[in-house]
Amino acid sequence: MLSIELTFKFAAESGIIMKIKDQIQFRTRSLALGIISLCGQLPGTMPVNIISRQLIRASCSVGANYRAVSRAKSRADFINKLHIVEEEADESIFWLELLQDIEPTHKDSISSFISEMNEILSIVVAARKTARQKLVSQSS
């Protein structure tokens, strides 16, 4: 996670302003890359391999589906796509927690990935709630 913090610090010091959408896309991509790297360092036991594959799929799906949010055709489609991101982020947290239980040697790095995924999940949930409220108020 240090690379994400350094990149944001560099962007801020350089006067680069990233839109929130771009920040989330960057964070989800960086998170997926970090998780891929972590999984590559884990022992090759059958349980770890199974969990790692599921974790990589779910964490990469968070970023891929978040990118799809920007191509939503309507507010309802936007809300639906955010819901998919929410589900994938929640699933990623499940696999990270499971991995943390069976692979205690990487507990600190897994904890930082859980924290980052929880932050992304909170942002997505808040965005979906706001979008849903706007959709309801437009319908009224």
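The values are calculated or read from the model by the stated rules, or taken from the named source; none is laboratory data. Source: prediction; values computed, not measured. Cβ atoms come from the backbone with ideal geometry, glycine included; neighbour counts cover every protein chain shown.
Here are the numbers:
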item	result
Among the candidates Glu97, Glu87, residue that is within 11 Å of the chain's Cα centre (by Cα), surrounded by fewer than 19 Cβ atoms within 10 Å (Cβ to Cβ), on the phi < 0 side of the Ramachandran plot and at pLDDT 95 or above	Glu87
Among residues of segment 38-62, those that are in contact (Cβ under 8 Å) with a residue 24 or more places away in the chain, more than 13 Å from Glu91 (Cβ to Cβ) and assigned to a helix (DSSP H, G or I), counted	5
Count of residues meeting criterion [farther than 20 Å from Ser112 by Cα and in contact with a Ser or Thr (Cβ under 8 Å, 6 or more places away or on another chain)] in segment 31-66	1
Test result for Lys107, in a helix (DSSP H, G or I), farther than 24 Å from Val136 by Cβ and among the charged types (D, E, K, R)	yes
Tabulated pairs, segment 116-140, first more than 18 Å from Asn65 (Cβ to Cβ), second among the hydrophobic types (A, V, I, L, M, F, W, C), C-beta under 7 angstrom, 6+ apart or interchain	Leu135/Ala76; Leu135/Ile79
Verdict on Ile35 being in contact (Cβ under 8 Å) with a residue 60 or more places away in the chain and part of a helix (DSSP H, G or I)	yes
Test: residue in segment 85-103 that is in contact with a helix residue (DSSP H, G or I) (Cβ under 6 Å, 6 or more places away or on another chain) and of a type in the set (Ser, Thr, Tyr)	yes
Search result, residues across segment 81-140 that are among the small types (Gly, Ala, Ser) and farther than 25 Å from Ser52 by Cα	Ala126, Ala127, Ala131, Ser137, Ser139, Ser140
Any chance Arg67 is outside any helix (DSSP H, G or I) and either at pLDDT below 95 or of a type in the set (Lys, Arg) (or both)	no
Residues satisfying the stated conditions in segment 15-72, i.e. over 17 Å from Glu86 (Cα atoms), among the hydroxyl-bearing types (Ser, Thr, Tyr) and crowded, with 16+ Cβ neighbours inside 10 Å	Ser30, Ser52
